[in-house]
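Notes for the one structure printed next.
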Amino acid sequence: MYLSELRLWNFRKYGNDSFDLEHPHLRVPFAKKINVLVGENDSGKTAIVDAIKLVLKTNALEYIHITDDDFYNGSKHLRIEMTLAEVSDDEATLFQDWDPDKRTIRLILDVTRENGRISPYEVCIGEADDGTGLDPKQKEALKITYLKPLRDAENELTARKNSRISQILLGHELFKQSSDAEHPFIGYFKNANESVEKWFNDAEGENSNKSQIKDVIDKFLQEFVNVDANSSFELAEPNIRNILEKISLKVRDAKNLGLGTLNRLYMAAELLHLNRKGNDLKLCVIEELEAHIHPQAQMKVMKGLSSESHEQFVLTTHSPNITSKLRMEDENNNLIICKGNKVFPMGDAYTMLDKKDYKYLDHFLDVTKSSLFFAKGVILVEGWAEEILIPVLAEKLGIDLTTHEVSIINVGSTAYLHFARVFMRQNEPNMDVKCAVVTDMDVQPDDDWNFNSTFENDKRAKINDEIGQHGNVKVFLAPHWILEWCLFKSPSIKNILMEAVSEVHTGTEGFKRDENGNFNEESFRDKLSDNLKKRSLDKVAIASILAQKIQENDNFSIDDSDEYIRYLLDAIRFAANKYGGN
């Protein structure tokens, strides 16, 4: 069985004035294997995790309970429901109140408060709206493995009273106490205690161990207590809990380990719970998986989790490294974007992504492109030139893309649809992220430097048809041909562009200045066109120099009447949510 869905009513940020059991305020679908919750701070990831913990509890024996802060906006009634799916016959033996036709279990936590006091509550099971209370065996079978954020791994793995490593081992069946047999560890410890006691009672020699330590203590003890008092040394009382509290977990032959390695060791120990025998729910929740772990190690952890076959994981993260390693093509995985008071699953039942899109994203969704899942605005561009130039133009517009949390995603080709469909939903609501697609017209001029309007209109119609009607996704198409041609035709940028091209292609006739230090625009146009057609123009180097010149030119100003760069300006405004166009 696995957690297939979570439903919330008036829990934390998820709620409103109505309370209808048919219409939860949040519905979160989960896949069978790996579920990654992403989103900016305060986007609701922790609320989802805490809702899971409140119903299922954890193996860490945390004290988890409902507080006043869990009620949405002062409401008096909250509710959490969960569905466990694909319940096997063996698993169902613990649960009488399950749906054998759907093979599901429904869990309910319904809580009210009156006059500032929270009424008693319990987690219930059943198809009825109230259900029946869980018994102790059922509660134990439903506990999850949970790793909190900012884990103090060194402290958790060190021997001490109630250490986390002792709690983990105590929960394993190999350390369950048996009434008819003594655990081998107790025998080992008794032998160790006998050896310790023997050493302290060694009376051989004039300065024996006994005379130096035990006899001295016994002398004072008998004076302080009574003449029959006698001390005894032992490691600890020989029971399983005491013994396990003396155990530390380390990496063999490794010294002075950093937090990153210790954190991974701690996660490995916690995952021991997932390998318990029996019909328990095999669910692990990890908050901020990336805590104290460098990017390459994050990817190794994701690979390791993906190799587990029968366990379900719910992860929260702010790391593009982790999202870049999630295989979205696998229907058993799920990426869930948290925005505002909604969630947006990336499964094919929710987005306009199709099978080939998922396959493409699995191959090409690297760390830099994964930042689109965390952005408030996205600009998809075809190449490096646009990626270099757009931030500078935005700065001249008075728009700081970093402040507005806008990511520029260089797709490296015209394959922008694979990425744009991430933001295109099959049903309302749309994601509250503006996605601007900046692309070239790619219709070359004829020999007279005219552009075929029929070809251009056909291209424009084709692109708009591919995108469709999605208010948060919009195409910004170069008015003619490609970016560099538009920059050359732009009254605002032409002169600076010619300077940049000349500096990069210093030996190219047509790009050189005359004896008066001027460019021949006609010759420059011909050579620029020829190089663009032959793809022999160093676009990246030119864009770098052009961007630097614009940035350093205090007198450079944006002219909104410049039709050749207005598509870039409009894309910037749209992604930053400062666009007034249609």
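The values are calculated or read from the model by the stated rules, or taken from the named source; none is laboratory data. If you're wondering where the values come from, they're calculated on a predicted model, not measured in any experiment. So basically every Cβ, Gly included, is an ideal-geometry build from the backbone, and we count neighbours across all protein chains shown. Please note that ligands, DNA and RNA were not included when accessible areas were found on the heavy atoms of the full protein model with its side chains. Shrake-Rupley method; radii C 1.70, N 1.55, O 1.52, S 1.80 Å.
For the stretch 220-319, applying the loop criterion from DSSP together with a ceiling of 10 other beta carbons within 10 Å to the trypsin sites (Lys or Arg not before Pro) yields R252, K255, K277. Other residues with beta-carbon under 12 Å from the beta-carbon of R151 carry, at +1 per Lys or Arg and -1 per Asp or Glu, a net charge of -4. Sorting the Cα pairs of the stretch 497-550 by distance into bins of 5 Å, from 0 upward, gives 4, 22, 31, 25, 15, 3 percent per bin. The H on the amide N of K434, modeled in the peptide plane, is under 5 Å from the matching H of V378, each at least 5 residues off or on a different chain. Here the stretch 75-132 and the stretch 504-527 have alpha carbon centers that stand 77 Å from each other.
Looking at the stretch 217-375 only, what percent of DSSP beta bridges run antiparallel? Nearest 5 please.
Details: 4 of 8 bridges.
The antiparallel fraction comes to roughly 50 percent.
Placing unit charges on the Cβ atoms of the charged side chains and taking the dipole of the chain about its Cα centre, the candidate lying farthest along the positive direction among A420, G347, A541 is G347.
About its Cα centre, what dipole magnitude does the stretch 249-322 give when the only charges are +1 on Lys and Arg Cβ and -1 on Asp and Glu Cβ, stated in debye to the nearest 20?
Details: 9 positive and 8 negative charges, 72 e Å.
For this selection, approximately 340 debye.
A DSSP coil position with no more than 11 other Cβ atoms inside 10 Å describes the following trypsin sites (Lys or Arg not before Pro) in the stretch 535-582: R535.
Round to the nearest 0.05 the FRET efficiency obtained for L235 and Q296 when R0 = 41 Å and r is the Cβ-Cβ distance. It comes to 0.50. Remark: the stretch 314-320, residue by residue, has Karplus-estimated 3J(HN,Hα) of 10, 10, 10, 7, 10, 9, x Hz, where x stands for each Gly or Pro and the curve is 6.51 cos²θ - 1.76 cosθ + 1.60 at θ = phi - 60°.
With K and R counted +1 and D and E -1, the other residues having a Cβ less than 13 Å from that of H183 yield a net charge of 0.
How would you classify the stretch 1-139 from its alpha-carbon gyration tensor, with a ≥ b ≥ c the square roots of the eigenvalues: rounded for a/c under 1.5, else prolate if a/b is greater than b/c, otherwise oblate? Cα axes put the stretch 1-139 in the prolate bin. Rounded, prolate or oblate for the chain? Axes are the square roots of the Cα gyration tensor eigenvalues, ordered a ≥ b ≥ c, and the cut-off for rounded is a/c under 1.5. It comes out prolate by the Cα gyration axes. Per-residue ellipticity at 222 nm from helix content only, as computed over the chain with -39500 (n - 2.57) for each DSSP H run of at least four residues, stands at -10000 deg cm²/dmol. Each residue of the stretch 86-91 was assigned a 3J(HN,Hα) from its phi angle through the Karplus expression (A = 6.51, B = -1.76, C = 1.60, θ = phi - 60°), giving 6, 6, 7, 4, 5, 5 Hz with x at Gly and Pro.
For the chain, the relative contact order works out to 13 percent when only alpha carbon pairs closer than 8 Å and six or more residues apart are counted. Residues whose amide H comes within less than 5 Å of that of L335, counting only those at least five positions distant or on another chain, are V36, M346, G347 (H built at 1.01 Å from N in the peptide plane). Between the amide H of H25 and those of L8, W9, N10, distances stay under 5 Å, these residues lying 5 or more places away or on another chain, with hydrogens modeled in the peptide plane. Please label the shape of the stretch 445-506 as rounded, prolate or oblate, based on the square roots a ≥ b ≥ c of the eigenvalues of the alpha-carbon gyration tensor (a/c under 1.5 means rounded; beyond that, a/b larger than b/c means prolate, else oblate). Note, shape of the stretch 445-506 comes out oblate. Sorting F574, F224 on solvent-accessible area from highest to lowest, probe radius 1.4 Å, gives F224, F574.
If you put +1 on each Lys and Arg Cβ and -1 on each Asp and Glu Cβ, how big is the dipole of the stretch 1-102 around its Cα centre, in Debye rounded to 20? Working shown, then result.
Working: 12 positive and 19 negative charges, 67 e Å.
Dipole of the stretch 1-102, to the nearest 20 debye: 320 debye.
Among the chymotrypsin sites (Phe, Trp or Tyr not before Pro) within the stretch 1-103, those in coil by DSSP and having at most 13 neighbouring Cβ atoms inside 10 Å are Y63. Computed 3J(HN,Hα) for the stretch 113-124, one whole-Hz value per residue from the Karplus formula 6.51 cos²θ - 1.76 cosθ + 1.60 where θ = phi - 60°, is 9, 9, 6, x, 10, 7, 5, x, 8, 8, 6, 10, glycine and proline marked x.
How big is the dipole moment of the chain about its Cα centre under a simple scheme where the beta carbon of each Lys and Arg is +1, that of each Asp and Glu is -1, and everything else is neutral? Debye, nearest 20, please. Intermediate values should be presented prior to the final figure.
Working: 72 positive and 96 negative charges, 111 e Å.
In debye, rounded to 20, the chain gives about 540.
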